[in-house]
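Please see the structure below; I have some questions.
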Amino acid sequence: MGKSVAVAEEKTVGHIRSIRQKQLLNQINALHYQGSPLIICMQHKNYDYCVYLKANPEPVVDESITATWIKDESAPASLSSFTLIRIILNTSQTSYEFLPEIYRIGDQTISFTVPKTAQESGFRKQIRFTCVGKEIPVTLTQNAIVFTGKLLDYSVNGILVNLDAGEDRSFNWLNNNYPARLTIQGENDPVYTGQVTISPRGHGQYLLTPNLEAKPRYAPRKYRSRRQKLVPSPDLIFNHPITGKKVRLKIFDLGSLGFSINENATRASLIPGLLIKNAQISFTSNLLIPCMAQVVYCNFDEEDPGTVRVGCAILDISIQNHLQLIDFIQQAQNSNTYISNQIDPEDLFDFFFETGFLYPKKYAEIANNHEEMMHSFMTLYEKGVEISRHFVYQYQGQIFGHFSSLRVYRQTWMNQHHAALRSQRAGLQVVRSISEYMNDSYQLNPTNIKYIIGYYRAANKFPQHYFGTYVQETMNPKISSLDCLSYVSEARRFIGTQTGLADNWILEPAAISDLTEFHGYYQSISGGLLPEVLDMTAEEFGNQTLTETYQACGLTRKRELHVLRCQGNPKALIDVQSSDIGLNLSEITNAITVYLIDPSPDYFDMVSFAVHEFASQRNKMSDPVMVFPNSFLTNCNFHVDKEYTLWCLDISLGSESYMDWMNRYC
């Protein structure tokens, strides 16, 4: 005996599909379960026009059906002058219609016998989603006149609403020849606002046709985030913001700022501008990435006209979830690239030694703080904290390339620790990875990315060419700038004969006016981004956000800003920073930095005393000291250990030019 197989009782006659009675009865029960109505087409006996009415079917037991009329202001007062033309049933995939041989029309109900078959309907190519039983508020605005109402049913081609009239407004004020603006309200906030054309249906009902033109969320960019088709492709899961139905659609391609999905053309329910607040990108049942998205375009697939390609922009996503999403995409593009993966710090230090990144003198500077340094690295590389990112090129378990980024100011990330092992490809790959991450992420508010900085020595050929040449080509210091600072490896070298400040000199906490004066001086000699990047502006004065963020990660980063005055006039800002050993291997994040406002060599003793004073208070005479401008110590005949160039990029202004340069270089 063969196995019984359940099949849909559907057949095709010519090019028209039909459905048998048994399946038709099941579909009517499905309508009852969903709370969706039958569509009843009635024709006037004398005037030859049709009306389409709705009726809710009762549960089906046999072929005899009873349905209750859904009456509103547009329904005829009496149906005695009308005759039944056909009954239309909308399924999840298509529509079917039939004309029963036996039926009875009453004032409250319609009863009929279901025929043996029903044919696919040409009534509408687009399934409409009824909103009966749901109170979905809408507002329609045209030329400053606002009408309120509720949603009756919905499709991408037409939204039926019932508007409220009142003594203070008239439907005659709506001009059907001009577009209006429709807002559909969600539970707390609007889920759709867009332009519509108006078609009156009488008694306050209007069919509104939405404008389906693309509505880009972000400004057009030449270098968009790369889209990737994943195998297997993930799903997008959400409750439709208007119909309330649970929707699960395949993602066609995925990027760090958006994705596209495929909808069946007859079941399409997404329109440009629609806000999907609680979406989930589902890779597996246990791996879900929540986000908020907005529909930006809907286009028919050229290869499959029955499919609508829907593009969505990601508007909001947590920092860690966004990082995870980017990691999936970059892994699909190159399986050897990793973002913020767990790395054994011992393996990383072996890599630093082998590449020569940790040369003997640098290692000697940090060797005495091995335990504290390893704590920092364990936190950054194994706990996945939100203040750091690392980008690794790794093959068969061995690290070949590394680049990391650390959030060092409120909106500033410092790129650091770039090294590669016998492989130009690995070195450039991590540069590309970190650049694409920054370019894609700065548009999302939670990432707090506006500026990127990097410190490098002029003798280092790669950054000197890569960053220096980019700045020269850009020729706009408000997009990208370079500034040189002197570096002294130990604060104890500033010990002098001065035992205190001279008369008329004071050292005290800085004020906003001091930052303003430094900004004016800096603009006169450089004109770059340094004050904005390093939170040395009036707007960022006293902001403790970053300190709290580090504390939440189990790390320390503190900052005190003082001013050195002579006769009340600011001569230098002293920036004293304290952080965990190892966050930066050159200890730039754990240094005393002097920013001269009046770089006269006559003031060297006062500057030297201030540096020594702060270093002794912290009991860290081994801490490095940096001085800007770099000419100050040279003019004072003070030997410096190194000179660092500070590269700054305002990524909100320079992302396009920087990505263009990066692609040419890499």
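The values are calculated or read from the model by the stated rules, or taken from the named source; none is laboratory data. Everything quoted here is computed from the prediction, not taken from an experiment. Virtual Cβ from ideal backbone geometry, glycine too; neighbours counted across all protein chains shown.
Under 8 Å by Cβ, and 6 or more places apart or on different chains, what pairs join a residue from the stretch 95-108 that is under 16 Å from Lys54 (Cα atoms) with one that is loosely packed, with under 12 Cβ neighbours inside 10 Å and among the small types (Gly, Ala, Ser)?
Within 8 Å, the pairs are Asp107/Ser78.
Do the conditions hold for Leu515, that is, is it touching a Leu at 6+ places or on another chain (Cβ under 9 Å) and either closer than 28 Å to Ser657 by Cα or not in a helix (DSSP H, G or I) (or both)?
Taking the combined requirement at face value, the residue does not satisfy it.
One line per residue, one yes/no per condition, for (1) over 18 Å from Lys450 (Cβ atoms); (2) part of a strand (DSSP E or B); (3) touching a His at 6+ places or on another chain (Cβ under 9 Å); (4) at pLDDT below 95:
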| site | (1), (2), (3), (4) |
| --- | --- |
| Gly542 | yes, no, no, yes |
| Glu548 | yes, no, no, yes |
| Gln551 | yes, no, no, yes |
| His562 | yes, yes, no, no |
| Pro570 | yes, yes, no, no |
| Asp575 | yes, yes, yes, no |
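Follow-up question, since we're still on this one. Give the residue, chosen from Glu539, Glu517, that is within 29 Å of Lys478 (Cα to Cα), surrounded by fewer than 20 Cβ atoms within 10 Å (Cβ to Cβ) and free of Cβ contacts under 8 Å to residues at least 12 places away in the same chain.
It is Glu539.
Next question. Can you pull out the residues in the stretch 229-265 that are crowded, with 18+ Cβ neighbours inside 10 Å, among the β-branched types (Val, Ile, Thr), in contact (Cβ under 8 Å) with a residue 24 or more places away in the chain and out of contact with any Pro (no Cβ under 9 Å at 6 or more places or on another chain)?
Residues satisfying the conditions are Ile242, Thr243, Ile261.
In addition: Only one of Tyr665, Tyr658 is farther than 26 Å from Ile387 by Cα and either of a type outside the set (Gly, Ala, Ser) or in the same structural domain as Thr412 (by TED's automatic domain parsing) (or both); which?
Tyr665
Would you mind telling me which numbered condition in (1) hydroxyl-bearing (Ser, Thr, Tyr); (2) in a loop (DSSP other than H, G, I, E, B); (3) touching a strand residue (DSSP E or B) at 6+ places or on another chain (Cβ under 8 Å) Tyr456 fails?
So the condition that Tyr456 fails would be (2).
Could you check how many residues of the stretch 203-221 are of a type outside the set (Gly, Ala, Ser) and either more than 18 Å from the chain's Cα centre (by Cα) or modelled with pLDDT of 85 or more (or both)?
Of the residues in the stretch 203-221, 10 are of a type outside the set (Gly, Ala, Ser) and either more than 18 Å from the chain's Cα centre (by Cα) or modelled with pLDDT of 85 or more (or both).
I'm trying to understand the selection: among the residues of the stretch 375-394, which are hydrophobic (A, V, I, L, M, F, W, C) and outside any helix (DSSP H, G or I)?
Hits for the stretch 375-394 are Val385, Ile387, Phe391, Val392.
For the stretch 137-154, name all the residues that are within 26 Å of Leu89 (Cβ to Cβ) and either modelled with pLDDT of 90 or more or not hydrophobic (A, V, I, L, M, F, W, C) (or both).
Residues satisfying the conditions are Lys150, Leu151, Asp153, Tyr154.
Do any residues in the stretch 178-192 that are of a type in the set (Lys, Arg) have Cβ atoms under 9 Å from those of residues that are part of a strand (DSSP E or B), where the two are at least six apart or on different chains, and which pairs are they?
Arg181/Thr139; Arg181/Leu140; Arg181/Thr141; Arg181/Gln142; Arg181/Thr193; Arg181/Gly194; Arg181/Gln195; Arg181/Val196
When the residues of the stretch 403-444 are filtered to those that are in contact with a strand residue (DSSP E or B) (Cβ under 8 Å, 6 or more places away or on another chain), of a type in the set (S, T, N, Q) and not in a loop (DSSP other than H, G, I, E, B), which remaining residue is farthest from Thr549 (Cα to Cα)?
Gln429
Specify which of the listed residues (Leu653, Leu646, Leu633) is of a type outside the set (Val, Ile, Thr) and surrounded by fewer than 22 Cβ atoms within 10 Å (Cβ to Cβ).
Numbers: Leu646 fails: surrounded by fewer than 22 Cβ atoms within 10 Å (Cβ to Cβ); Leu633 fails: surrounded by fewer than 22 Cβ atoms within 10 Å (Cβ to Cβ).
Sole residue among the options that is of a type outside the set (Val, Ile, Thr) and surrounded by fewer than 22 Cβ atoms within 10 Å (Cβ to Cβ): Leu653.
Further question on the same structure: Yes or no: the stretch 343-356 includes at least one residue that is among the aliphatic types (A, V, I, L, M), in a helix (DSSP H, G or I) and farther than 23 Å from Leu254 by Cα.
Yes.
If you don't mind, another one. For residues that are buried (at least 21 other Cβ atoms within 10 Å of the Cβ) and of a type outside the set (Phe, Trp, Tyr), tally how many sit in the stretch 388-405.
9
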